[in-house]
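Read the structure below first, then the notes.
Nothing in this text is a laboratory measurement; each read-out follows from the coordinates by a stated rule. Keep in mind that what you see is a predicted model, and the values were worked out from it rather than measured.
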Amino acid sequence: MDETIDICEEKCVHKNLVEKSLKSMQDLDTLFSLAELFKVFGDTTRIRIICALLDNELCVCDIAEILGMGQSAISHQLRLLRNTHLVRVRRDGKSSFYSLDDEHVRLIFEQGLNHVTEGKHNA
């Protein structure tokens, strides 16, 4: 692929566009938090857990069975998802039941899924 496409052949800063972008850009702390959130989505096991929880509240045993993994490995991933407010836990006796934290998590997942599958439907 021609890498010269990724650079301008001559420097020409469009000040009005730069100023507009700078005004609308979030502060660095907010963007850092957003990057951390997307890092959590960067693991296939965590994505599979979120997928499993789209329509059902599940206990750790259920999730481990669905993913074909051990409970301790699932528990570790659930802890990361819980710490980033992507899932919530409900205790019922000796069982821990997990669900998506809110509708935003579903929307993030579905938008990402739509993005990666849109080309597959047109091919």
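Report yes if residue 20 is assigned to a loop (DSSP other than H, G, I, E, B) and farther than 21 Å from residue 109 by Cα, otherwise no.
Working: assigned to a loop (DSSP other than H, G, I, E, B): no; farther than 21 Å from residue 109 by Cα: yes.
Criteria not met by residue 20.
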Residue ID - farthest from the chain's Cα centre (by Cα), chosen from residues in region 1-59 that are polar (S, T, N, Q) and under 25 Å from residue 91 (Cα atoms): 56
